[in-house]
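Working notes, structure below.
Laboratory data are not the source of any read-out in this text; all were calculated from the coordinates shown. The structure displayed is predicted, hence computed values, not measured ones. Cβ coordinates were reconstructed from backbone atoms using ideal geometry, including for glycine residues, and neighbour counts include every protein chain displayed.
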Amino acid sequence: MSDFINLLKTRRSANKFEEGVTISHKELEEMFSLVKFAPSAFNLQHVHYLAVTDEQLKEKIYESTKQYKVHTSSAVIVVVGDLRAYQDVARINQGFLDLGILSKQEYDREIEVVTSFYEGRGPVFQKEEAIRNGSLSAMLFMLIAKEKGWDTCPMIGYDPQEISEILEIPEGKIPVMMITLGKEDTTKQRPRGYRKPTGEFVRFNKF
């Protein structure tokens, strides 16, 4: 079995963590230096991360979510999607222009295409894109964390508005997902839940 397949099969959603385990900012920075390679539409890199290691802030999140894994985690990772990521298209492509990879005409055209694509589809699409790209990045983060010996659990059981207020997330950015991270307490770990055989969820060509 390849290392990657083993990684996929051993990653579990941890519902309880060992208490008192800390993670350094350096370790988290190493993970984020890899997660930046996640795919994103038009390379807009819609995702921001908030790594909450401060115990008082973590407790505020725990009080908001009432989920014990927040309390025992080493860090709470909040995946934040940028609703206006498309407005950064000029800066992101500036390097291509400076290196001559894009001509000025191509550069201007890229800005025009991306801007009209997002603005033409409106706020609902912009939110969907923030969630879509944030989810791709979040999955990669969890695999990276597992590869480095940490366990995670993706969470949707939180109030986005409350979390935004606690963490001072600015307007135009939304919490897409919360991920608790730590060393799993496996003393009461249940066997992996039922997974559908491919015949139940895979179709070819048409549904």
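Explain nothing, just the number: relative contact order of the chain, from Cα pairs under 8 Å at least 6 residues apart, as a whole percent. Before the final figure, lay out the partial values.
Values: 280 pairs, mean separation 68.6, N = 207.
Relative contact order, the chain: 33 percent.
Please work out whether segment 112-179 counts as rounded, prolate or oblate from its C-alpha gyration tensor, where a ≥ b ≥ c are the square roots of the eigenvalues and a/c under 1.5 means rounded, while otherwise a/b larger than b/c means prolate and anything else oblate? Numbers along the way, then the final one.
Values: a/c = 2.91, a/b = 1.50, b/c = 1.94.
Oblate.
Under the Karplus relation 6.51 cos²θ - 1.76 cosθ + 1.60, θ = phi - 60°, what is the ordered set of whole-Hz ³J(HN,Hα) values for segment 79-85, x standing for Gly and Pro?
Using θ = phi - 60°, the values come out as 8, 10, x, 8, 5, 10, 4 Hz.
Compute the separation of the alpha-carbon centres of segment 42-85 and segment 89-121 and state it in Å as a whole number.
Rounded to whole Å, the Cα centres lie 31 Å apart.
Using alpha-carbon pairs under 8 Å, 6+ residues apart, how would you state the relative contact order of segment 112-207 in percent? List each step's numbers first, then the result.
Details: 48 pairs, mean separation 25.3, N = 96.
It rounds to 26 percent for segment 112-207.
Net charge within 13 Å of Pro39 by Cβ-Cβ distance, Lys/Arg positive one each and Asp/Glu negative one each, not counting Pro39 itself?
Working: positive: Lys36, Arg132; negative: Glu129.
Taking every Cβ under 13 Å from that of Pro39, the sum is +1.
Would you be so kind as to identify which of Val202, Tyr107, Ala85 lies farthest towards the positive end of the dipole of segment 75-207, taking Lys and Arg as +1 and Asp and Glu as -1 on Cβ and the Cα centre as origin?
Of Val202, Tyr107, Ala85, it is Val202.
Helix-only mean residue ellipticity at 222 nm, the chain, DSSP H runs n ≥ 4 weighted -39,500 (n - 2.57), per residue, nearest 500. What is it?
Roughly -15500 deg cm²/dmol at 222 nm, from the helical runs in the chain.
Report, for the chain, the % of DSSP beta bridges that are antiparallel, rounded to 5.
Values: 20 of 21 bridges.
Here the antiparallel bridges make up roughly 95 percent for the chain.
Please list, ordered by chain and number, the residues whose modelled amide H lies under 5 Å from the amide H of Val176; skip anything fewer than 5 residues away on the same chain.
Correct list: Val79, Val80, Gly81.
Kindly put Thr65, Thr115, Thr22 in sequence by how many other C-beta atoms sit within 10 Å of each C-beta, fewest to most.
Working: Thr65 20, Thr115 14, Thr22 10.
The order, fewest Cβ neighbours first, is Thr22, Thr115, Thr65.
May I ask for the angle, rounded to the nearest 10°, between helix 89-98 and the longest principal axis of the chain, with both axes built from Cα atoms and the value confined to 0 to 90°?
60 degrees
Quick one: 3J(HN,Hα) in Hz for segment 27-40, Karplus 6.51/-1.76/1.60 with θ = phi - 60°, rounded, Gly and Pro as x.
Computed from phi, the couplings for segment 27-40 are 5, 5, 4, 4, 5, 5, 5, 9, 5, 5, 8, 4, x, 8 Hz.
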